[in-house]
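The values are calculated or read from the model by the stated rules, or taken from the named source; none is laboratory data. As the structure is a prediction and not an experimental result, all values here were calculated from the model. Here the Cβ positions follow ideal geometry from the backbone for every residue, glycine too, while neighbour counts run over all protein chains shown.
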Amino acid sequence: MSEFNIALIKGDGIGPEIVDGAVTVLDAVGEKFGHKFNYKEVLMGGCAYDACGVPLPQETIDVCKASDSVLLGAVGGPKWDSVPSQLRPEKGLLGIRKALGLYSNLRPSILKPQLKEASPLKDEKLKNGLDVMVVRELTGGIYFGKREKAEDGSWASDEEKYSVEEIKRIAKIAFETAMLRNKKVVSVDKANVLESSRLWRATVTEMAKDYPQVELSHMYVDNAAMQLAINPAQFDVIVTSNIFGDILSDLSSAIAGSIGMLPSASLGATKCGMYEPIHGSAPDIAGMDIANPIATIVSAALMLDMSLGLHEEAKAINAAVDKVLDMGYRTADIMSEGMKKTGTKEMAALIAQNL
Ligand code: NAD
């Protein structure tokens, strides 16, 4: 029997419900395939602020570093809106990414045929499907740049800064990801305006020489947003900065049906990654047993695949998700006519039963 140590960060809002759902499925995987997953629960976000006065306690960093991988729900919520900016729940998220050196964020968006009805795009725009991997730089750019605010509150600024090394390492991930897919990379920037984007474009272009089989093109971010909405099938891998990736991956997830369906992997130089749904803590539906746990469950599948080397097990989870959707079960966010409405707990249990 193989054993794996997984740090669980449930976080705030719907975080505990969706992570519990993923644990239900992981336990079923463990039973079926003969693995033992040892979980260690740690605090981050608003719940950590409430319990310890900081959004990212040192213990959380230590436990995550000592684990094979980290599974995260989500953090934040209006309860902490008036907390000083340095102590806001989201600071925990930025801090853990930095502390674990997780510089790349991979966000696959696939339109499942069962969820075509849930996509806001017309059938005509979806006829060629959607299967895009957004590779987002995660520990640089404006989210980590210098922040300033005038004492009298009359101005504020945030700095967008990238080094060649930061761009190179994320571009490498994008090209290598493309080699395993359809060998097309679109690098998204705003090089017509921003100096940092011009460096981004030049560096990615230089890197492309090492990957002659990959077709590289460049797109301005405003055009990329429009292209995703009018012809999503044209994309294979998108590589972009922290802020542009944040926005474009939410857009691609909406096209795929619901933000509640899509996973993400945050990776650095080691095998230990952090896996989380791309959505936030959804405080509006917290504690109601209506949140869609699938994004977290397929994030757990990505974790098995990318960090723990359990490829068959990951496939089994994805197949079980498809089977349950084929059976017609839907949470509220992906509900359509004639389908069977279900809640967070039941959806997770159904997926576990159908492995
Ligand atoms: P959100 O993603 O939490 O919610 C946006 C909308 O999508 C809401 O209507 C919500 O009910 C719905 N939704 C989200 N996840 C869902 C799910 N699994 N099932 C069904 N519906 C779902 O974004 P927001 O409202 O902008 O942010 C809420 C809080 O989450 C904020 O404090 C924000 O800072 C935080 N946040 C955290 C993360 C993270 O932890 N990684 C990411 C984004 C936002």
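Numbers for the structure displayed
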| quantity | calculated |
| --- | --- |
| Close pairs (8 angstrom Cβ cut-off, 6 or more residues apart or separate chains): of a type in the set (Ser, Thr, Tyr) in segment 37-64, within 16 Å of the ligand (Cβ to nearest atom) and assigned to a strand (DSSP E or B) anywhere | TYR39/ALA7; TYR39/LEU8; THR60/ALA7; THR60/ILE9; THR60/VAL42 |
| Test: residue in segment 276-291 that is touching a residue at least 24 places away in the same chain (Cβ under 8 Å), more than 11 Å from the ligand (Cβ to nearest atom) and hydrophobic (A, V, I, L, M, F, W, C) | no |
| Condition check for LEU325: away from the ligand (no atom under 13 Å from the Cβ) and at pLDDT 95 or above | yes |
| ALA229 being modelled with pLDDT of 95 or more and either more than 30 Å from LYS125 (Cβ to Cβ) or not acidic (Asp, Glu) (or both) | no |
| Count of segment 39-53 residues which are of a type in the set (A, V, I, L, M, F, W, C) and touching a strand residue (DSSP E or B) at 6+ places or on another chain (Cβ under 8 Å) | 4 |
| Filtered residue count, segment 1-33, keeping only those that are more than 16 Å from the ligand (Cβ to nearest atom) and among the hydrophobic types (A, V, I, L, M, F, W, C) | 7 |
| Residues of segment 128-147 satisfying the condition of being of a type in the set (Lys, Arg) and surrounded by 19 or more Cβ atoms within 10 Å (Cβ to Cβ) | ARG136 |
| Any hit, segment 196-204, residues being part of a helix (DSSP H, G or I), under 23 Å from the mean Cα position of the chain (by Cα), among the hydrophobic types (A, V, I, L, M, F, W, C) and surrounded by 14 or more Cβ atoms within 10 Å (Cβ to Cβ) | yes |
| Identity of the residue in segment 28-66, in contact with an Asp or Glu (Cβ under 7 Å, 6 or more places away or on another chain) and small (Gly, Ala, Ser), that ends up nearest to LYS10 (Cα to Cα) | GLY45 |
| Complete set of residues in segment 53-97 that are within 16 Å of the ligand (Cβ to nearest atom), buried (at least 17 other Cβ atoms within 10 Å of the Cβ) and more than 15 Å from the chain's Cα centre (by Cα) | PRO55, LEU56, THR60, CYS64, GLY76, GLY77, TRP80, ARG88, PRO89, LYS91, GLY92 |
| Any hit, segment 148-170, residues being in contact with an Asp or Glu (Cβ under 6 Å, 6 or more places away or on another chain), farther than 22 Å from GLN213 by Cα, assigned to a strand (DSSP E or B) and not hydroxyl-bearing (Ser, Thr, Tyr) | no |
